[in-house]
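Visitor: Mind looking over this structure? Questions follow.
The values are calculated or read from the model by the stated rules, or taken from the named source; none is laboratory data. All values reported here derive from a predicted model rather than from experimental measurement. Cβ placement follows ideal geometry from the backbone for every residue including glycine, while neighbour counts extend to all protein chains displayed. The protein model used for the area step is the full one, side chains on, heavy atoms only, and it has no ligands, DNA or RNA in it. Shrake-Rupley method; radii C 1.70, N 1.55, O 1.52, S 1.80 Å.
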Amino acid sequence: MKDQAPQATPQTVYLKDYTPFGWTVEDVHLTFRLAPEATRVLASIHFAPNPAAPAQDFFLHGEELTLIRAAIDGVEVAPQMVDGGLKVAVPAGPFLWECEVEIAPVRNTALEGLYMSNGMYCTQCEAEGFRKITYYPDRPDVMSVFTVRIEGAEPVKLSNGNPGASGEGFAEWHDPWPKPAYLFALVAGELVNFPGKFVTRSGRDVDLNIWVRPGDEGKCSFGMQALKDSMKWDEDVYGREYDLDVFNIVAVDDFNMGAMENKGLNIFNSSCVLASRETSTDANFERIEAIIAHEYFHNWTGNRITCRDWFQLCLKEGLTVYRDSQFTSDLRSAPVKRISDVIDLRARQFPEDQGPLSHPVRPESFQEINNFYTATVYEKGAEVIGMLKLLVGDEAYYKALDLYFDRHDGDAATIEDWLKVFEDATGRDLSQFKLWYSQSGTPRVKVSETFVNGTYSLTFTQHSPDTPNQSGKAPQVIPIAVGLLNPNGDEVLPTTVLELDQAEQTFEFGGFAAKPTSSILRGFSAPVVLERDTSPQEKAFLLAHDTDSFNRWEANRDLARECLVSMILDGTGPDTAWLDGLEAVLRDETLDPAYRALMMGGPGAAELAQILHERGHTPDPEAIYDAGESLAQFKAERWVDLLPRLAAEAQVTEAYAPNAEQSGKRALGGAVLSLLSRLDGGAAAKAQYDAADNMTLQLSALVQLVKAGKGDAVLAAFYDQWRHDRLVMDKWFGLQISALPPAEAVERADALTRHADFTMTNPNRFRATLGALSGYHAAFHRKDGAGYRLLTDKLIALDDLNPQTTARMCSVFQTWKRYDAARQALVREQLERIKAKPKLSRDTDEMVSRILGV
Ligand code: ZN
């Protein structure tokens, strides 16, 4: 019997409909006979009735499988092929299911299930990819012990858990930890390993390996150190030890996302693990360190304790992002990490939460779960953990976490389980706090102040705007960290956490001789928009004196924002009072260069567009771009004396190391170079380019040369130097789009999609090119719609190959309703063009429908 399972048709799944699977899986044995066009997968699975589940038909998920043979207790059966899988009559008691299917990894361009990348076999199963490997109850609450046999001529054959027998043409693996199918992984190919060792605190020896294509061995040492640091950190801070004899990481070139936490066999996008001084920037190094930590930390928050269903995704992702940000703060600079995270949150999560794609941290329905690996689930999910920690205090937080690991180890858990642990550990009622998981949208907090007879009062009101499918929201629990400064700039009230839990609330602070200045939402203690009428003088005061490094940076950002907004709306010149205050900060050599580099940045074009929209104006991308350019030009000219001094400070004399200290200096140097290059026609950039011995300096110089109109020869030289290195070539593709003037960027992007090294099948290359275009505000929103059209052409072509990446990239259209009627019409035309594509994937269909609001 040979049958192609039909592709599942779009269907909405609801959290409220959760029902346990009718059987438990006692064990799983899989045999893979690898062949690019026709891999055979043999499964032997023991099922037993699940007494906790209601009666139901026996249904196994399966997609794009060719069924060769199926048997129950040794007797061949003919299952009924249904939408998204199969059904078959089964015995009342336990039984053995045996099944053989055929799949074609070489033709799998969706990069989900078993696929090939440069001749290497690899898998990606989260969230629902295992059903493309064999028929299975592919849901995270079905957990089992897997034994895997891989047959093939490939020299390296890996799966989860610990290695078992191996010999000519085969290798076996056994994973003793029960796991859901989404954590299954297999890799086979010609790989070389970069080895390492870790001894856990209880004395267990763990073999570590980073597996790469021959030639990439020299790019593994940084990742290996990051892995060891992560293992040690999780023991020290959370008391969590590793639990297998081996931990393998594999680098894969073709990968939809950053990396995947498969048990004992993490698979990484090569851009998120391979690093070297010559080929990676400081930002790359930091990101790699964080992602290695993130995937490693999932071993406890995700794998040992997993999710009951995909609605609970933030249970593992929000917590693990929170943990990796703690790790980075500990290893590097906590203030710099916090500011960078908030920049990222505002750039990615705020637009999502304030537009047509807005959804709660724990969504209540979806069509395609891949579309819910979002900034809201990940980054806002992490903010929710941070608020919880701030509310209960550090000690109670770690006590609750211990209880969580004790109580739920081995479970597929829920947000209710998570909050219950905190309630039990602290005695606190978290029912109102739970609204952070169910109410979508960014709360707005307004604050006003009075000062009467020595008493200073702050009155807060909170309001959550309506979002798709949600209106009339209730007040949430919002921790607001506040500090007060006296007129001399001394702190008279150290950071204190106020708990907002009503629509309006007043807090009083007594005994002041003079009216203090307040620093509110210190450390960005809650993911809200703070609305406050503060005079520029007060902001300047905070910029000069705030003891909270986040709010000091925030005061500067507010001033930069107001300056740009008036330049855009009124055509006024830059605010020189602000620039003088900023200059004083930049001249303060006691401040971390990385922090000062952050001070030199301002709100980006997309953020300005959002702010203008909120204030009732229609953002004009050209005017926003022009204001940014003239502010930068003005700074450069005003700071002719300051810039060389900062450039000198930014020099690194020691041998290159991607640590926080050196990276901070180079970040400051990069910010300075971008201003200097406006004055010297690119002379300093050319000198830096020629002398560079690392990618950070080489790339920042190249960007400035392109901006200065002197890029052509250097771009060609850079290409010749790096054409053999895919990851560096991704940078080459992206930078020449984002560094060109908006009028030229769309044509350049178009030309690059026809370059011999462009390919639709590699998500990194696609994102480097089309992502550079869609991230370039003035170019993407070009008046004639050329940016929208080019991206749409490519998305329509990509949808047949890779629905997941296509759908993710559609989200750049989510802000379309902010713009003028003409641009809205142009975007609508493109979105409708995507909608009308024959055989549109359910991933992309769902995204475009939500963005259109249909
Ligand atoms: Zn994760």
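Visitor: How much net charge surrounds N551 when only the other residues with a Cβ under 14 Å from the Cβ of N551 are counted, with Lys and Arg +1 and Asp and Glu -1?
Guide: Spelling it out: positives minus negatives among the neighbours equals 0.
Visitor: Then there's this: What number comes out for the charge environment of M599, summing +1 per Lys or Arg and -1 per Asp or Glu over other residues with Cβ under 9 Å away?
Guide: Once all neighbours under 9 Å are counted, the net charge is +3.
Visitor: Report the Cα centroid-to-centroid distance between the stretch 431-465 and the stretch 712-739 in angstrom, as an integer.
Guide: So the two Cα centres are separated by 48 Å.
Visitor: Compute the relative contact order of the chain as a whole-number percentage, counting only Cα pairs closer than 8 Å that sit 6 or more residues apart in sequence.
Guide: 8 percent.
Visitor: Still on this structure, I have one more. Could you do me a favour and compute the accessible area per residue for the stretch 802-854, 1.4 Å probe, result in Å²?
Guide: Dividing the accessible area of the stretch 802-854 by its residue count gives 40 Å².
Visitor: Taking K and R as +1 and D and E as -1, what net charge do the other residues with C-beta under 14 Å from the C-beta of D175 add up to?
Guide: So the surrounding residues net to -1.
Visitor: Something else now. Determine the relative contact order of the stretch 239-327: mean sequence separation of Cα pairs under 8 Å and six or more apart, normalised by residue count, in whole percent.
Guide: Averaging sequence separation for qualifying contacts and normalising by length gives 22 percent for the stretch 239-327.
Visitor: Ignoring any ligand, DNA or RNA, what whole percent of the accessible area of the stretch 191-236 comes from carbon and sulfur when the probe is 1.4 angstrom?
Guide: Answer for the stretch 191-236: carbon and sulfur cover 48 percent of the accessible area.
Visitor: Need the C-alpha centroid separation for the stretch 128-144 versus the stretch 784-854, integer Å.
Guide: For the stretch 128-144 versus the stretch 784-854, the Cα centre distance is 31 Å.
Visitor: In degrees between 0 and 90, to the nearest 10, how far off the longest principal axis of the chain does helix 605-614 point, with axes built from Cα atoms?
Guide: Result, in degrees: 80.
Visitor: Continuing with the same structure: Quick check: at a probe of 1.4 Å, how many percent of the accessible area of the stretch 306-438 sits on carbon and sulfur atoms?
Guide: 47 percent
Visitor: Given a 1.4 Å probe and heavy atoms of the protein chains only, how would you sort S471, S280, S630, largest accessible area at the top?
Guide: S471, S630, S280
Visitor: Accessible area, 1.4 Å probe, largest first: how do R552, R33, R596, R754 sort?
Guide: The ranking, largest first, comes out as R754, R33, R552, R596.
Visitor: Leaving out ligands, DNA and RNA, what percent of the accessible area of the stretch 1-137 is carbon and sulfur, probe 1.4 Å?
Guide: The nonpolar share, carbon plus sulfur, comes to 52 percent.
Visitor: Let me spell out the model: positive unit charges on the Cβ of Lys and Arg, negative unit charges on the Cβ of Asp and Glu, origin at the Cα centre of the chain. What dipole size does that give, in debye rounded to 20?
Guide: 1280 debye
Visitor: May I pose another question? Taking only the Cα atoms of the stretch 78-142, how large is their convex hull per residue, in Å³?
Guide: 120 Å³
Visitor: Over the stretch 13-190, what is the relative contact order in percent, taking alpha-carbon pairs closer than 8 angstrom and at least six residues apart?
Guide: Relative contact order for the stretch 13-190 comes out at 23 percent.
Visitor: Dividing the Cα convex hull volume of the chain by residue count, how many Å³ per residue is that?
Guide: Cα-based convex hull of the chain, divided per residue, equals 163 Å³.
Visitor: Provide the percentage of antiparallel DSSP beta bridges, counting only those with both residues in the chain; round to the nearest 5.
Guide: 80 percent
Visitor: If DNA, RNA and ligands are ignored and the probe is 1.4 Å, what is the ranking of V28, V199 by accessible area, most exposed first?
Guide: V199, V28
Visitor: Now a separate question. Find the centroid of the Cα atoms in the stretch 291-337 and in the stretch 621-690, then give the distance between the two in whole Å.
Guide: The two parts, judged by their Cα centres, are 34 Å apart.
Visitor: Give me the accessible area per residue for the stretch 13-190, probe 1.4 Å, as a whole number in Å².
Guide: Normalised by residue count, the accessible surface of the stretch 13-190 is 36 Å².
Visitor: Filter the cross-link list K132/K835; K219/K839; K179/K420; K817/K839; K399/K434 down to pairs whose alpha-carbon distance in this structure exceeds 29 Å.
Guide: Cα-Cα > 29 Å for K219/K839; rest within.
Visitor: Also, I was wondering about something else. Ignoring everything but the protein chains, give the 1.4 Å probe accessible area of T590 in square angstrom, nearest 10.
Guide: Accessible area of T590: about 120 Å².
Visitor: Could you tell me the accessible area of E98 in Å² (1.4 Å probe, neighbours in place), rounded to the nearest ten?
Guide: 50 Å²
Visitor: What does the stretch 13-190 give for Rg and for Dmax, in Å, if only its C-alpha atoms count?
Guide: Taking only Cα atoms of the stretch 13-190, I get Rg and Dmax of 15.9, 50 Å.
Visitor: Another question, then. Give the accessible area for C314 in Å² (nearest 10); use a 1.4 Å probe, count only protein heavy atoms, and leave out ligands, DNA and RNA.
Guide: Looks like 10 Å² after rounding.
Visitor: Given a 1.4 angstrom probe, what's the average accessible area per residue across the stretch 444-533, in square angstrom?
Guide: 45 Å²
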